[in-house]
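A short worksheet on the structure shown next.
Quick note: the coordinates plus some simple rules give every number you see, no bench work behind them. From a predicted model like this one, the values you see are computed outputs, not experimental measurements. Because the Cβ atoms are built from the backbone with ideal geometry, glycine has one as well, and the counts that use them run over all protein chains shown.
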Amino acid sequence: MKSLLFIPVKEDNYKADFDLANKYQGYSAELIRLSILGIAGYGFLVSAAKNDILNEAVILTLKGYPSLIVIGIISLGLASGFGLAHRFYSSESVAYQIEILRLKEAMVEDTSFESRLDGTLRTYRNILRLCSKLLRVSALLLIFGILMVVIFYSIALFSGVS
């Protein structure tokens, strides 16, 4: 049985897919950056409250609604984690794609690779489905974490009005 490492793959067969994968990875990188920025914002908020830099309404909101901060930080942390998982599995999918192309080339001469190709295709499809779900969940958790910030500041703003 011939090793797959020595089977050449034409760049035209995978270039468009790699470009698309890079765009998705760029999107997940932005989700990660925004999540980390949001966590840093929460950190600043808590630090400023401890040093009495914030106005009284924000400090009272911090003391009265600590769960908003905890939920927001957890949400943003999970968004970052799911984004990182997406980047990992997205990279894995590229490796499977190359293996599939090499297996197809190898099957021209040797049909014994057919069962391996079927298993690799199933794994590849499952990874792509997982990547899609990870990216969606990461985006939703980021939105939820930002929503917690908006709710927190809305409460602080309206409680300071009275």
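Between 0 and 90 degrees, rounded to the nearest ten: what's the tilt of helix 114-159 against the longest Cα principal axis of the chain?
For 114-159 against the chain, the angle is about 10 degrees.
Using helices alone, I'd like the mean residue ellipticity at 222 nm for the chain: each DSSP H run of four-plus residues gives -39500 (n - 2.57), total over residue count, nearest 500.
-30000 deg cm²/dmol
Take every Cα-Cα distance within the chain, group them into 5 Å bins from 0 onward, and report for each bin the whole-number percent of pairs it holds.
2, 9, 14, 14, 11, 9, 8, 7, 6, 5, 5, 4, 3, 2, 1, 0, 0
Taking K and R as +1 and D and E as -1, what net charge do the other residues with C-beta under 15 Å from the C-beta of Leu31 add up to?
+4
With θ taken as phi - 60° and the coefficients 6.51, -1.76 and 1.60, list the Karplus ³J(HN,Hα) couplings across region 74-89 in order, rounded to whole Hz; mark glycine and proline as x.
My calculation for region 74-89 gives 4, 4, 5, x, 5, 4, 5, x, 5, x, 5, 4, 4, 4, 5, 5 Hz in order.
Calculate how steeply helix 15-50 sits against the longest principal axis of the alpha-carbon atoms of the chain, using the helix alpha-carbon long axis, and give the answer as 0 to 90 degrees to the nearest 10.
20 degrees
If packing is taken as the average number of other Cβ atoms within 10 Å across a peptide's residues, how do 130-139, 65-74, 12-21 rank, most packed first?
Result, highest mean first: 130-139, 65-74, 12-21.
Output the Kirkwood hydrodynamic radius of region 72-162, Cα pairs only, in Å rounded to one decimal.
Its Kirkwood hydrodynamic radius stands at 15.9 Å.
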